[in-house]
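One structure is given here, and the rest of the page talks about it.
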Amino acid sequence: MTDPFAILGLPRRFDLAPAEIQRAYLALVAEAGAHPDFASDGMLAEERSAELNRARATLVDAEKRAAALHDLWSRELAIAPAERADTLPPAFLMEMMDVREQLEAAQRSQNAPELRRWEQWAARRRTELRDRVASLFQTVGSRPAEASSALREVKLVLNQWRYIERMMEQVG
């Protein structure tokens, strides 16, 4: 796995501001070796440009940034893949079954106010999950003794975040 933080010369932090990511990206694209219009070797410049684009796309999306940070730190701390499994807590799954049922009913009946309510619900949950991930990453960075357990919890929270994102995409 490549390190999008290193590619853009940014610190490994979850709380990167979009403007900070964009500034780093633009500064690197503006360098002579990274922009196809200014490079002596257009093929290398295209590869470098693609690498920068992938890194920026990963870091500007909070969910992807969290996943990249989790994977990088998990590898550094030698957390076994089995400990990073894609699991979801049973209570969460039960809640999502109920949510999905209600959401699909609102969609079938074309109940616009109810659909807006579910969109607002999803936005609130995203914010809660994002805030929880941010807090856990602070633990990883500031309390090494708790880093492994915090990263395991990050994975569980990320799994929930992804589930909600995909569910909302599926119902449109």
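Listing for the model above:
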{"quantity": "Any hit, region 127-134, residues being more than 23 Å from residue 91 (Cα to Cα), in a helix (DSSP H, G or I) and hydrophobic (A, V, I, L, M, F, W, C)", "calculated": "no"}
{"quantity": "Yes/no for residue 115 being at pLDDT below 95 and out of contact with any Cys (no Cβ under 8 Å at 6 or more places or on another chain)", "calculated": "yes"}
{"quantity": "Identity of the residue in region 70-86, surrounded by fewer than 16 Cβ atoms within 10 Å (Cβ to Cβ) and either in a loop (DSSP other than H, G, I, E, B) or touching a Pro at 6+ places or on another chain (Cβ under 6 Å) (or both), that ends up modelled with the highest pLDDT", "calculated": "77"}
{"quantity": "Residue in region 88-99 that is under 30 Å from residue 149 (Cβ atoms) and in a loop (DSSP other than H, G, I, E, B) present", "calculated": "yes"}
{"quantity": "Subset of region 87-102 [in contact with a helix residue (DSSP H, G or I) (Cβ under 6 Å, 6 or more places away or on another chain) and modelled with pLDDT under 90]", "calculated": "88"}
{"quantity": "So residue 148, is it of a type in the set (Gly, Ala, Ser), surrounded by 14 or more Cβ atoms within 10 Å (Cβ to Cβ) and under 23 Å from the mean Cα position of the chain (by Cα)", "calculated": "yes"}
{"quantity": "Long-range neighbours under 6 Å by Cβ, at least six apart or interchain, first residue among the aliphatic types (A, V, I, L, M) within region 84-106, second surrounded by 13 or more Cβ atoms within 10 Å (Cβ to Cβ)", "calculated": "88/159; 103/118; 103/171; 106/114; 106/115"}
{"quantity": "Residues located in region 117-133, provided they are surrounded by 16 or more Cβ atoms within 10 Å (Cβ to Cβ) and of a type outside the set (Phe, Trp, Tyr)", "calculated": "122, 125, 126, 129, 130, 132, 133"}
{"quantity": "Test: residue in region 155-172 that is outside any helix (DSSP H, G or I), modelled with pLDDT under 90 and farther than 30 Å from residue 25 by Cα", "calculated": "yes"}
{"quantity": "Selection status of residue 34, outside any helix (DSSP H, G or I) and either of a type outside the set (Ser, Thr, Tyr) or modelled with pLDDT of 75 or more (or both)", "calculated": "yes"}
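One line per residue, one yes/no per condition, for (1) surrounded by 17 or more Cβ atoms within 10 Å (Cβ to Cβ); (2) acidic (Asp, Glu):
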position: 65; (1), (2): yes, no
position: 68; (1), (2): yes, no
position: 91; (1), (2): no, no
position: 95; (1), (2): no, yes
position: 114; (1), (2): no, yes
position: 140; (1), (2): yes, no
position: 157; (1), (2): yes, no
position: 162; (1), (2): no, no
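The values are calculated or read from the model by the stated rules, or taken from the named source; none is laboratory data. Because the structure is a prediction, the values reported are computed rather than measured. Cβ coordinates were reconstructed from backbone atoms using ideal geometry, including for glycine residues, and neighbour counts include every protein chain displayed.
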